[in-house]
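Q: The structure's right below; bear with me while I get my questions together.
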Amino acid sequence: MLKKKSNYWVILVFLAIALLLLPSLIGCTKKSSSPTGVTIIIGIVSDMTGATANTAIGEIWGWEDAAKWGKETNLVPGVNFEIITYDNKFDVGRSINGYEMIKGRNASVTHVQMTGANYALKDKYATDKIVAMIPPAPKALHPPGWAFTADMAYTDQAAAAYQWLLEDWKKEGKSGKPKMGWLTWDADYGHSGLIVNWYASEIGIEVLQTEFYGPGPVPSDVTSQLLRLKDKGANYVVSVGPDIAWANILKDANKLGLSNSMKFVGVANVIFSADLAKVAQEAAEGSYLVMANSSLYEDNLPGVQMLRQMQEKYRGEWRDNLPGVRGWLSMQLIMEAVKQAIEKDNVKPEQVNGEVIKASLEKNINNFDTGGLSGPLTITPDNHSASRMAKVFQMRGGKHLPITDFFEAPHMTRFEDVKK
Amino acid sequence: MNGGVYALIALGIVLIYKSTRVLNIAQGQFLVVGAWIAFTFSSKIGLNIWLSFFLTLVAAIIIGFLIERFTFRPLIGQPISALITMTIVLMAGIEGLVLWIWGGWVETFPDFIPREPIRMGNIVLSQQLLWMFIIAMVFIGGFALFFKYTRTGLAMRATAEDHQVAQSVGISVKTVFGQTWAIAALIGAIGGIILGSLYGVSYQLGEWGLKVLTVAIIGGLDSIPGAIVAGLMLGLLEKVATGYVDPIIGGGLEAVFPFVILLIVLMIKPYGLFGLKEIERI
Amino acid sequence: MQLPSGTINDSYEKDMAIIRTRWQWVMFIGFVVLIFVFPAFPFVSNYLLRIINNIVIAMILVLGLNILMGYAGQVSLGQGAFMAVGAYTVALLGHKLGVPFWLSLPAAGLSAGIVGVIFGAPSLRVKGVYLALATIAAQFIILWIVRHVHAFGGVSGVPNPPAAIGTFTINSQLSNYYLIIVVAIIMTFAAKNIARSKIGRAFVAIRDNDLAAEVMGISLFRYKLLAFFIGCFFAGIAGGLWANLIGHVQDEQFPLINSIWYTGMIMVGGQGYTLGAIIGTFLLLGVQEIVVLYGPSLSHIPGVGGSGYAGFSQFLMALIIVLFIIFEPRGLAHRWQIFKSSYRLHPFSY
């Protein structure tokens, strides 16, 4: 028995080694066919198997599709963009492993999807001179360093929501201050709107005591929180959180019959409409969403059509992949920055590095047209969140349809909650 | 009402613990697999919803047997710690497999429980949760009887005591292991179908496993009524936390308050609420 | 300890020495020198150093957990949270009070140890799996506190100023490597020595049967809490090093799933062996890293296309570890012992 076991052991070791070597061999055969020209490496450290993979994979699709499109149309002559990916399993430690990996591969642009990791890496981006296109986490974007976003900072989106909410209140001809309560995810992402509550109270909204749910991804019953908000007379319930949790809030609100007396406003774009409609169904009807992108059901917009064509072409299917918009726009911005640097600033392709891309992003990205996918994108040295405009949507017939046009919201640089 | 859901999933963990003394950390992944298979049958292939649920249960039983055959059978007679580690690894493995086959998206299958809530005066009940609760109770009751009166159930309990002793009295430990995992996978699939219809089918359902692990432990891992009471109690304590304690201390207590209470419970009743008190001899 | 024939312990000091023969000394010094010159090798990149730093920090934590679980038999599924206590201690002391790292690192160990004792208190009455609940509670409660008590920095975490010697700051992977390695060597020796001292033997007695241990005159109260203190002290030190390595501490960095994996590392390596803790950590984290690194190239295998490769590679990782467990259910350290003795006795089987 023992002898038999030790034979197994040897086989196991060989098997393990074989398994580990196999991928590297396959990797080698692939590298031989790399095209000529300068290659700019873009390192994506994102979540493919962790808690947020459903949104993160969508965003990676956006990056990859845009890169393929750029290559096919030869958007930036003489420059190839190569995307390398690293799975961080939604873990900060692993994200930083991944960052070191892509740094070792001489990446000049990176996308680290986890906000917690971006806080930790903020200073490293500057010392390593790597441009980071990150999710719009306000505290990682301000004060401006080497981190950029193609999206609108979460705080700015919240500010846009406050503005719209006040307008909506006035439009309905009601007097007095509207009462707004947050029912939000108890994690950094969910808190990202709270920290500009001062702005809400400044423009004349009464901010109620914040309610939380979570922080785990398991949806929890929010009846008590909703009833408390109702008792305090909330007119608007605002939330930032993962899509399933938002669907759950809407379902609970529907169950309690609150959907008519309160307006439910989701902020920021991870609440994708397809999933929301699938999971919450009629409970989601009439709910609002404030985000910096267009809905993917606005088929008349050239940007949406383009995104759709690309996805059908490269993925063979069309999904309401809203996170993909951010990836798509991020890659577009990088390609545009490199293109402008070469064309306008007379930088030779082989000189393009992180520094050039950063300078070009800050200088040349001015009213960049996204075909209606988002408002025109502008980056300045003191504001690294490219999108300045948000749009409000309402769920009708299972689709988020726009009820306003893109409108501008102020850029928030002061982060504090209302003192209770 | 979440309590019923907790109880049903916890039952899977309790069952495995009762017959094999293994703390199954991978139980959440059975939910995911069950939900995805049901989705594949009902929405991808387009079978009748009830037929596809039946097929899912059959598939789950097969998966349970397969998992047992290839991962746990070689470990019979080995230290329990190896078996527990195996469940941790299984969790990662099944999650990987699910992501590979079905991807990280959220899907839903057709409704089979009406969504309209039931109103009784002031009380509003979600029908989905109510049905979940009823199904959970039926299964829990069924398994309680199973353990008490059937030969297989008794064999499972004997195996839990000691693998070698069980083998020496003529119980096939292998068979018992297989049956246990099949049943656990079956329960997981039922939970997955119900949760999938409530919250959408995605690999994130697996997170329920970790949450429910605590429920199973509170109930006293080897007690079926314990799992029910603990499940309901955790649901209730969460409600108490969000309903009464949150306004005083500040939000987000839901995840924490039950634990504070349970720490106190544990100090008073060290073997969980309904756990078997072990008489220790030197 | 098994020693080559001809080695005679003729004094107490010789009997107690960890490193006994000349050949062992050569191996040991060679190994230490190798560790210190390791970054000079041409194939060593920042990335590799970062991986090693990560693994060694986990190793320190797992060494502590091994004392707690492997020797004293007390299950803890909240080790990640105790690591968070250490990390927050270092970050808060450094960020708010400007305390140098050299003082805050031991403070991190102490604070984590004390918090560990508080959550370990149920161990006096509760055993086995039920104790696991108490420690899971620690995981949730500690992280809730750091998230909601404003003084602890809230949801966005606390930035941590890097440690410094004079004007030289330890903020690169390389300088952190030396810091971590030095601490790790000290902690490994501490772990090894605790295990074979009176305390370690008391732990083993408690693990094997706590009632019997009490009858023999071992104070359960004292030793169980001591086990928690030591286990969490290690976690706290690991947390302190982590804070310095990452430069920003946040509650998201210490999820429950990590705590569960730490226990897995001990079991793969072999419970109750100091070497087991080391092997287990290196093996599990190493396999994870390799799989993640080579994952993208798997997408060229037919059927694994698109984004599916990440799932597939995770499945592969699990498969490799499953094989390890099936063939080595008692841990890799156990196999190492067998290998060593069979090598020593070579021509004869026993």
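The values are calculated or read from the model by the stated rules, or taken from the named source; none is laboratory data. As the structure is a prediction and not an experimental result, all values here were calculated from the model. Methodologically, a virtual Cβ is constructed for each residue, glycine included, from the backbone with ideal geometry; neighbour enumeration extends over all protein chains shown. Quick note on the areas: whole protein, heavy atoms, side chains included, nothing else; ligands and nucleic acids left out. Shrake-Rupley method; radii C 1.70, N 1.55, O 1.52, S 1.80 Å.
Q: In whole Å, how far is the Cα centre of the range A:166-245 from that of the range C:238-297?
A: The range A:166-245 and the range C:238-297 have Cα centres separated by 38 Å.
Q: With +1 on each Lys and Arg Cβ and -1 on each Asp and Glu Cβ, and nothing else charged, work out how big the dipole of the range B:2-229 is about its Cα centre, in Debye to the nearest 20.
A: On the way: 12 positive and 9 negative charges, 74 e Å.
Here the range B:2-229 has a charge dipole of around 360 debye.
Q: Karplus couplings for the range A:131-148 from phi (6.51 cos²θ - 1.76 cosθ + 1.60, θ = phi - 60°), rounded to Hz, Gly and Pro as x?
A: 6, 10, 9, 10, x, x, 7, x, 6, 8, 9, 10, x, x, x, 9, 9, 10
Q: A:K348: which aspartates and glutamates have alpha carbons under 20 Å from its alpha carbon, excluding same-chain residues fewer than 8 sequence positions away?
A: Result set, ordered by chain and number: A:E82, A:E336, A:E362.
Q: Once you have the alpha carbon radius of gyration of the range C:161-290, what is it after dividing by 2.2 N^0.38 Å, with N set to its residue count?
A: 1.24
Q: With everything on Cα atoms, drop me the angle between helix A:92-104 and the longest principal axis of chain A, reported from 0 to 90° to the nearest 10.
A: 40
Q: A follow-up question, please. Among A:K358/A:K391; B:K239/B:K269; B:K211/B:K239; B:K269/C:K127, which pairs are too far apart, with a Cα-Cα distance over 18 Å?
A: Too far apart for the 18 Å limit: A:K358/A:K391; B:K239/B:K269.
Q: Where does helix A:322-343 land angle-wise versus the long Cα axis of chain A, in degrees 0 to 90, nearest 10?
A: The angle comes out near 60 degrees.
Q: Can I ask one more? Identify all lysines with a Cα-Cα distance to A:K177 below 22 Å; exclude those on the same chain that are fewer than 8 residues away in sequence.
A: Partners found: A:K230, A:K232, A:K263, A:K419, A:K420.
Q: Sticking with this one: Within the P(r) computed for the range C:16-89, what percentage of the Cα pairs occupies the region above 15 Å?
A: Percent of Cα pairs beyond 15 Å in the range C:16-89: 71.
Q: Right, next: Would you work out the Kirkwood radius for the range A:307-401? I mean one over the mean of 1/r across all pairs of different Cα atoms, in Å. Can you show the working numbers first?
A: Details: mean 1/r = 0.0662 Å⁻¹.
Value: 15.1 Å, from the Cα pair sum.
Q: Taking the Cα atoms of the range C:47-254, report the difference between the largest and smallest coordinate on each principal axis, in whole Å and largest first.
A: Principal-axis extents of the range C:47-254 (Cα, largest first): 56, 36, 28 Å.
Q: Any idea what log10 I(q)/I(0) is at q = 0.13, 0.14 Å⁻¹ for the range B:2-229, Debye with uniform C-alpha scatterers and no solvent?
A: -0.73, -0.84
Q: What quantity of accessible surface, computed with a 1.4 Å probe and excluding non-protein components, is buried in total between chains A and C, in Å² to the nearest 100?
A: Result for this pair: about 4000 Å² buried.
Q: Follow-up. Please work out the ratio of the alpha-carbon Rg of chain A to 2.2 N^0.38 Å and round it to two decimals.
A: That ratio works out to 1.05.
Q: Sticking with this one: Based on the Cβ-Cβ distance from A:R315 to C:S11, what FRET efficiency comes out when R0 is 56 Å, to the nearest 0.05?
A: Taking R0 as 56 Å, the efficiency between A:R315 and C:S11 is 0.15.
Q: As a test of the formula, what do you get for chain B when each DSSP H run with n ≥ 4 contributes -39,500 (n - 2.57) and the sum is divided by the residue count, at 222 nm and rounded to the nearest 500 deg cm²/dmol?
A: -21500 deg cm²/dmol
Q: Work from the charge dipole of the range C:47-254 (Cβ charges, +1 for Lys and Arg, -1 for Asp and Glu, about the Cα centre) and give the residue of C:A163, C:G217, C:V249 farthest towards its positive end.
A: With unit charges placed on the Cβ atoms, the residue in question is C:G217.
Q: Quick one: Kirkwood hydrodynamic radius for the range A:361-420, alpha-carbon pairs, angstrom, one decimal? Don't skip to the end; give the middle numbers.
A: Values: mean 1/r = 0.0731 Å⁻¹.
Kirkwood radius, the range A:361-420: 13.7 Å.
Q: If you don't mind, another one. Above 57 angstrom, tally the Cα pairs of the protein assembly as shown and express them as a % of all pairs, no decimals.
A: Tail of P(r) above 57 Å: 11 percent of Cα pairs.
Q: Above 31 angstrom, tally the Cα pairs of chain C and express them as a % of all pairs, no decimals.
A: The calculated P(r) of chain C puts 39 percent of pairs beyond 31 Å.
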